[in-house]
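Chemist: Right, I'll just put the structure down here and ask away after.
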Amino acid sequence: MLIHYWDCKKTRQFISFLRNEKRGIEEMKQFKNISKQYQHGIFWGLTILGIKILGSVPQFIELIYARNIYPIIAIINRWFAALFPVSIGDLLYFWGFAYLIYQILQLLIQIKSPKEQFFKISTFLLKTIWLFYLSWGLNYFREPLAKNLHLSTEKYTAAQLLEVTDSLIIRTNRLQKQLTGNDSLAVKIPYSLDKILQKTPEGYRQIESYINTKYSVPCIKTSLFSKQISYMSVSGYINPFTGEAQVNKFYPKVFLPDIASHEVAHQLGYAPENEANFLGYLAATQHPDLYFNYSGYINALYYFLVELRHYDSKIYQTYIKKLHKGVLKNFKEAQIFHRKYRFPIDFSSTYDSYLKLNNQKTGLHSYNEMVQLVIAFELQKEK
Ligand SMILES: [Zn+2]
C-alpha cells in the first residue's frame, strides 16, 4: 500500500513535471518562432532597404538590372504565363488577397499568439515587396528614357505645345475621316478584343531599332477583374510578379490598341507612366494598322488638350472647335465609361502615393508628362 501510495505520488509528480516540461517546451518553441519571425522580418526589411539604396544609383540599375537581369526574368515569366489562356497573375492576386484576409482574421480572433501572427503577416508583406522590386519594380529607378533616346529634357515652350497639338489634331482628324468616310461618325474598331491584343506587338516591331529593345514572347491578356478595375478608373496594368500585360475589356474599344501598347512598354521594363505612355504612343502610331494609329493619336491628343487647358482655357476652347465631331464622339465614349463606373471611394490618392514612393515625383501627373516626350520627339524628327 505504501509502495502504491509512493508510486501514485511519484507518478503525479512525474506527470506534473512532464506537464510543466511540455509547457516549457511550448513556450520555448513559441519564443523561438517569434525570434525566427523577428529575424525573417529584419532580413527582408534590410533587403528592401538595400534595394532602395541600389535604386538611388540609376546607372547601376540601368546597366546591371534593366539591361541584363530584368530581360531574362521578364522572358521566363511571360513564357510561363503565356502557357495559360487566363491571367495567372490575377489568380495569384486573388490567392494573395484571400491569404492576407485569412491571416488578419486569425490575428483578430487571436487563435494563435498575436505576436507570432503579426510577424507572419509582416514577413509575407515584406517578401511580396521584395519580389515586386526584384521581378519588375526596380525599373522605376533606371535612367530616364529621354537620356537613352537623346531627347531634349528642356521644358517645352507654349509655342511648341501649340504647334504639336495642332499637328496631332490634323493627324487625328485625317484618320477619323479616312476610317469612317464622314466627319461626324465615331471610329469603331472592327476587330475582336483578342485580335487587338494579337496585333499589338506589330507596333513594337516598327520601333524596336529606335528604342533598341525587342518585344519577344508576347503575353497580353484581358483582366479577370475588368469590372472591379472599371470602378477604379483603371484601363490596364502589368502584373509585376508574372509579367502579364492586362487590359480592361470593358474600356471603350477605340482606346484599347493604345492601352495594350502602353502595357507592353511596362513589360519591356519602362516603368514610369510618362515613358510607357510615350512608347505606347510611338508603337500605336507607327503600327501598320490605321485603327492602331488613330488609337495612338486620340490618346496623345487627350493629354495634350489637358495640358493646353492648364496653360490657357480660352486657347483650349478654340482648339476643341478644330476637332471633328466624330473625334469628339470617341472622347465622349470614354466620358460615358467613367460616368457608368463611378464609385464613391476615390482610389487616385492611393495610386498617387504609390507612384511618388516609386521615384515618380509628380505622382499621377507623370502620365501627362508624356507631352514633354512627344514634343521632344516631334522636334527631333524635324531636325
Ligand atoms: Zn502604366
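The values are calculated or read from the model by the stated rules, or taken from the named source; none is laboratory data. Owing to the predicted nature of the structure, the values given are computational and were not obtained by experimental measurement. Neighbour counts are summed over all protein chains in view; Cβ atoms, including those assigned to glycine, are modelled from backbone coordinates with ideal geometry.
Chemist: Which of the following residues is within 16 Å of the ligand (Cβ to nearest atom) and either outside the structural domain of Phe132 (by TED's automatic domain parsing) or under 17 Å from the mean Cα position of the chain (by Cα) (or both): Ser223, Ser209, Ser216? Let's see the steps before the verdict.
Modeler: On the way: Ser209 fails: within 16 Å of the ligand (Cβ to nearest atom); Ser216 fails: within 16 Å of the ligand (Cβ to nearest atom).
Result of the check over Ser223, Ser209, Ser216: Ser223.
Chemist: Restrict the check to segment 232-252 and report whether at least one residue is more than 12 Å from the ligand (Cβ to nearest atom) and part of a helix (DSSP H, G or I).
Modeler: Checking segment 232-252: not a single residue is more than 12 Å from the ligand (Cβ to nearest atom) and part of a helix (DSSP H, G or I).
Chemist: How many residues are more than 10 Å from the ligand (Cβ to nearest atom) and among the aliphatic types (A, V, I, L, M) when one looks only at segment 257-276? Even if it seems obvious, please write down each step before you answer.
Modeler: Taking segment 257-276 and keeping what is more than 10 Å from the ligand (Cβ to nearest atom), we get 257-258, 260-261, 264, 267-269.
Narrowing the set further to residues that are among the aliphatic types (A, V, I, L, M) leaves 260, 264, 268.
Within segment 257-276, residues that are more than 10 Å from the ligand (Cβ to nearest atom) and among the aliphatic types (A, V, I, L, M) number 3.
Rundown of residues vs (1) touching a strand residue (DSSP E or B) at 6+ places or on another chain (Cβ under 7 Å); (2) closer than 21 Å to Phe225 by Cβ; (3) surrounded by 14 or more Cβ atoms within 10 Å (Cβ to Cβ), yes/no style:
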residue: Ile73; (1), (2), (3): no, no, yes
residue: Phe80; (1), (2), (3): no, yes, yes
residue: Trp95; (1), (2), (3): no, yes, no
residue: Ala98; (1), (2), (3): no, yes, no
residue: Gln103; (1), (2), (3): no, no, yes
residue: Gln106; (1), (2), (3): no, no, yes
residue: Ile109; (1), (2), (3): no, no, no
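Chemist: Would you please list the contacts, defined by Cβ atoms under 7 Å and residues six or more apart or on different chains, that run from a residue in segment 320-341 that is farther than 13 Å from Tyr251 by Cβ and modelled with pLDDT of 95 or more to a residue that is in a helix (DSSP H, G or I) and among the polar types (S, T, N, Q)?
Modeler: Here the result reads Leu323/Asn173; His324/Asn173; His324/Gln176; Gly326/Gln176; Gly326/Thr180; Val327/Thr172; Val327/Asn173; Val327/Gln176, each pair linking segment 320-341 to a residue that is in a helix (DSSP H, G or I) and among the polar types (S, T, N, Q).
Chemist: Moving to a separate point now. Test of understanding: among Leu305, Leu301, Leu323, which residue is under 15 Å from Asp166 (Cα atoms) and part of a loop (DSSP other than H, G, I, E, B)?
Modeler: Leu323
Chemist: If you don't mind, another one. Return only the number of the condition from (1) away from the ligand (no atom under 15 Å from the Cβ); (2) in contact with a Phe, Trp or Tyr (Cβ under 8 Å, 6 or more places away or on another chain); (3) part of a helix (DSSP H, G or I) that Arg339 does not satisfy.
Modeler: (2)
Chemist: Are any of the residues in segment 267-276 without any contact (Cβ under 8 Å) to a residue 24 or more places away in the chain, closer than 26 Å to Lys361 by Cβ and part of a helix (DSSP H, G or I)?
Modeler: Taking segment 267-276 as the starting set, the residues that turn out to be without any contact (Cβ under 8 Å) to a residue 24 or more places away in the chain are 276.
Then keep just the ones that are closer than 26 Å to Lys361 by Cβ; that gives 276.
Still in the list and also part of a helix (DSSP H, G or I): 276.
Yes, segment 267-276 contains at least one residue that is without any contact (Cβ under 8 Å) to a residue 24 or more places away in the chain, closer than 26 Å to Lys361 by Cβ and part of a helix (DSSP H, G or I).
Chemist: Quick one: would you say Tyr311 is away from the ligand (no atom under 14 Å from the Cβ), over 17 Å from Leu197 (Cα atoms) and either modelled with pLDDT of 95 or more or aliphatic (A, V, I, L, M) (or both)? Spell out how you get there, then give the answer.
Modeler: Values: away from the ligand (no atom under 14 Å from the Cβ): yes; over 17 Å from Leu197 (Cα atoms): yes; either modelled with pLDDT of 95 or more or aliphatic (A, V, I, L, M) (or both): no.
Judged against the criteria, Tyr311 is not a match.
Chemist: Among Glu202, Glu244, which is the only one that is surrounded by 24 or more Cβ atoms within 10 Å (Cβ to Cβ) and assigned by TED's automatic domain parsing to the domain that holds Ser348? Break it down stepwise before answering.
Modeler: On the way: Glu202 fails: surrounded by 24 or more Cβ atoms within 10 Å (Cβ to Cβ).
Criteria check complete, one pass: Glu244.
Chemist: Only residues that are hydrophobic (A, V, I, L, M, F, W, C) and surrounded by fewer than 16 Cβ atoms within 10 Å (Cβ to Cβ): list them for segment 61-71, please.
Modeler: First pass over segment 61-71, keeping only residues hydrophobic (A, V, I, L, M, F, W, C): 61, 63-64, 66, 69.
Listed by number, the residues that qualify are Leu63, Ile64, Ile69.
Chemist: Of the numbered conditions (1) surrounded by fewer than 24 Cβ atoms within 10 Å (Cβ to Cβ); (2) under 23 Å from Phe94 (Cα atoms), Asn212 satisfies every one except a single condition; which is it?
Modeler: Looking at each condition in turn, Asn212 falls short on (2).
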